Every structure is written in C-alpha cells, then in structure tokens.
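A.B. asks: Handing you a structure now.
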Amino acid sequence: MLNNSRKKICLTFDWELYFGTSGTPTGSQIAPTQKLLDIADEFPNLRYTFFIDVLHLMRCESIMDDSTRLFDLKKQIRDIVKRNHRIELHIHPHWLDAVYIGNGSWDFSNLDKYRIQNLSTDEINLLIDKSVNYLNSIARKEDPSYSLKAFRAGGWCIQPFVGALSSSLIRHNIVFESSVAYGCFSKSETHFFDFRNAPHRSLWRFNDDPLIIDTCGNFYECAISTYPENLIQAISRKLELLFYKRYSLRMGDGIPLALNSSLINRLMRYFKSHYTMFSIERISPKRLIKNVNDFHDDLVVLISNPKEI
C-alpha cells in the first residue's frame, strides 16, 4: 500500500501500435484499453490520460479495407471521453511514410521522419493543425466543449522544442508537455533525447526549452517520473517481473521498435547507473509501490502502453 496519502499519481498511456512489427488495432489497442477502462469503472477516483497516436487514425482514413477497424478505434476514443478520462495529442511523424500491408498491420521500414524535428516548418504547422482538429472532432461528439491540453512527442523526441512545434501548440492552447524524463538519454539512427540535465522535479513552467525552468513560461512540463538503477537492481527487477508475468499474458500482438544504438552503448547503459521510467508493465507491483513511496516528489507520473499490459 502507498504510505504517503499526499501522493498524486498520474497514469498516462501511449495509445499506439508497435513500430517494429505493428500488430493489430484489436490486439494492441482496443482489447487492452477496454480492460483498463473496465478496471477504472470500479474506482470512482481513478482517471487515465491516453496520448493518442493520431496519425495512425488519419492514415486509416484512406485505407478502404480498414474502415471497420477505424470505426472501432474512433468508437473507443469516444468511449474514453465518455467515461471521463482524457485523450491528448501524441504524434509519430513516421506514419507519413508507413505502408499498409493488410489486416490492420503496417510496414515501418522508412523511419526518416521518426522525429518531428525532421519535418519542415510548414509540414509541422500543417501536421499539428490537422492532428488537433481531428482528435477534437472525435472527442466533441461526446463532449462538445472538449479541447486537447497536452502533448507528448513520439519516442520522447521533444528536443529542440523551439520554432514551429512550440508555436503550433500555443496556437491551439496546448500548454502541457509530457515527454521529459529526468536522467534519461538516447541517441540512435531514429531517436534523440537528452534529459540528463532536466530539473529533478515533476512539474515546472518553461518557454523555449523544456529543460530550463521559466516561471513565466507559456508551457508546463509534466515530467515522466524516473528512478535510478544500477546493473544489479536492473537484473533483480527483470527477474522479479518474470515471476509476476507468469500469471499474466501480454495482450499486444506486435514487436517493439529497437533503439538502434550499438551493442556497446546498450551494455554500458546497464553497467553504469542509469534512470528508468516509472511504468506499470516494466516493474513488479511490489517494486512499483515501493518506488512510488520512495519518490521525492508528491506528484508521480507513470507512462505505460495498453499493448504491453
């Protein structure tokens, strides 16, 4: 049990397919999300935030044999809003180059546009305009006053933030950002983020750089919570998780995208102390509760994926 009644836990989920082997909307999104929603119905004060991978739906609009799946995806988004949970903006630009291969599955061989910063200013402006309007239009079928308020970058690739990205979000009154995770770092052919110098707190205001506090800034960073972990702790966590997962089956039917960093870099990450994001699926319930109790801030932000639960 939680020992500190002051702790506030923000449960966030990235509602998306896999990007290695995509899996299907039914197996990786709709079915596991339905289970989460049913659980929340049993607890009146439990609310989720789903960051919706909007370009997946927008690409499905042009796929004739995927119309039933698109209808089901939109229906679930409306159901999320109807049950008083939040949907927010999540953009993976590499969907622009994805190739549909049938049966709800996609080929993501071309990842040149994985980071939104790889797009031109005009492309970013148009992409965010279309994405915000698309999601708001779905949500407003249940709540006519609904408006998106938060953004999470695909692959946590929020840097650099200035330019078309920040101005487009402000134009749509999206002032909450939730990509930063203290201490985390990745650099590969597809990814780049460096949060090693981020503020070691859960919530702050910023303007041009989400890693620099600006008390008069236009944006609020709602940072993903992390905890330090060395090699022994990482091995212990993974073994403990294997024990718990003997009693549950992952519902997702795809394969994650591997971060294409070198083997040496991946090994070095575990041989030295590093930071790991709080999530439901990557840690045992017992250890998760301990980490939440030990966390230095009263606000704890978890990031998870329905497909992994």
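The values are calculated or read from the model by the stated rules, or taken from the named source; none is laboratory data. Note that the structure is a prediction, hence the values are computed from the model and not measured. All Cβ positions, glycine included, derive from the backbone under ideal geometry; neighbour counts span all protein chains shown.
A.B. asks: Quick test for you: out of Ser137, Ser167, Ser147, pick the one residue that is assigned to a loop (DSSP other than H, G, I, E, B), at pLDDT 95 or above and surrounded by fewer than 15 Cβ atoms within 10 Å (Cβ to Cβ).
C.D. replies: Answer to the selection: Ser147.
A.B. asks: Can you tell me how many residues within the stretch 45-83 are within 17 Å of the chain's Cα centre (by Cα), under 27 Å from Asp97 (Cβ atoms) and outside any helix (DSSP H, G or I)?
C.D. replies: Result for the stretch 45-83: 4.
A.B. asks: A follow-up question, please. Can you spot a residue in the stretch 200-216 that is more than 22 Å from Cys10 (Cα to Cα), in a strand (DSSP E or B) and not polar (S, T, N, Q)?
C.D. replies: No, the stretch 200-216 has no match at all.
A.B. asks: Now for a different question. For the stretch 115-134, what are the residues that are within 26 Å of Phe185 (Cα to Cα), assigned to a helix (DSSP H, G or I) and among the hydroxyl-bearing types (Ser, Thr, Tyr)?
C.D. replies: Of everything in the stretch 115-134, just one residue is within 26 Å of Phe185 (Cα to Cα), assigned to a helix (DSSP H, G or I) and among the hydroxyl-bearing types (Ser, Thr, Tyr), namely Thr121.
A.B. asks: Among the residues of the stretch 92-102, are any surrounded by fewer than 22 Cβ atoms within 10 Å (Cβ to Cβ) and at positive phi?
C.D. replies: Checked the stretch 92-102: at least one residue is surrounded by fewer than 22 Cβ atoms within 10 Å (Cβ to Cβ) and at positive phi.
A.B. asks: Pull out all pairs, ordered by first then second residue, where Cβ-Cβ is under 8 Å, the residues are six or more apart or on different chains, the first lies in the stretch 39-54 and is of a type in the set (S, T, N, Q), and the second is not in a strand (DSSP E or B).
C.D. replies: Thr49/His85
A.B. asks: Follow-up question, since we're still on this one. Could you look through the stretch 1-34, keep only residues that are assigned to a loop (DSSP other than H, G, I, E, B) and farther than 22 Å from Pro285 by Cβ, and pick out the one that is modelled with the highest pLDDT?
C.D. replies: Only one residue tops the list, namely Glu16.
A.B. asks: Those residues that are in a loop (DSSP other than H, G, I, E, B) and either exposed (fewer than 15 other Cβ atoms within 10 Å of the Cβ) or out of contact with any Ser or Thr (no Cβ under 9 Å at 6 or more places or on another chain) (or both), I need them from the stretch 176-187; list them, please.
C.D. replies: Ser179, Val180
A.B. asks: How many residues, within the stretch 110-130, are surrounded by 15 or more Cβ atoms within 10 Å (Cβ to Cβ), over 13 Å from His172 (Cβ atoms) and touching a His at 6+ places or on another chain (Cβ under 8 Å)?
C.D. replies: Of the residues in that region, 4 qualify.
A.B. asks: Would you please name the residue that is nearest to Ser28 (Cα to Cα), looking only at residues in the stretch 250-279 that are modelled with pLDDT under 90, part of a loop (DSSP other than H, G, I, E, B) and touching a strand residue (DSSP E or B) at 6+ places or on another chain (Cβ under 8 Å)?
C.D. replies: So, considering only residues that are modelled with pLDDT under 90, part of a loop (DSSP other than H, G, I, E, B) and touching a strand residue (DSSP E or B) at 6+ places or on another chain (Cβ under 8 Å), the one nearest to Ser28 (Cα to Cα) is Gly254.
A.B. asks: A follow-up question, please. Looking at (1) in contact with a strand residue (DSSP E or B) (Cβ under 9 Å, 6 or more places away or on another chain); (2) surrounded by fewer than 21 Cβ atoms within 10 Å (Cβ to Cβ); (3) over 20 Å from Ile255 (Cα atoms), can you tell me which one Thr24 breaks?
C.D. replies: Among (1) in contact with a strand residue (DSSP E or B) (Cβ under 9 Å, 6 or more places away or on another chain); (2) surrounded by fewer than 21 Cβ atoms within 10 Å (Cβ to Cβ); (3) over 20 Å from Ile255 (Cα atoms), Thr24 violates only (3).
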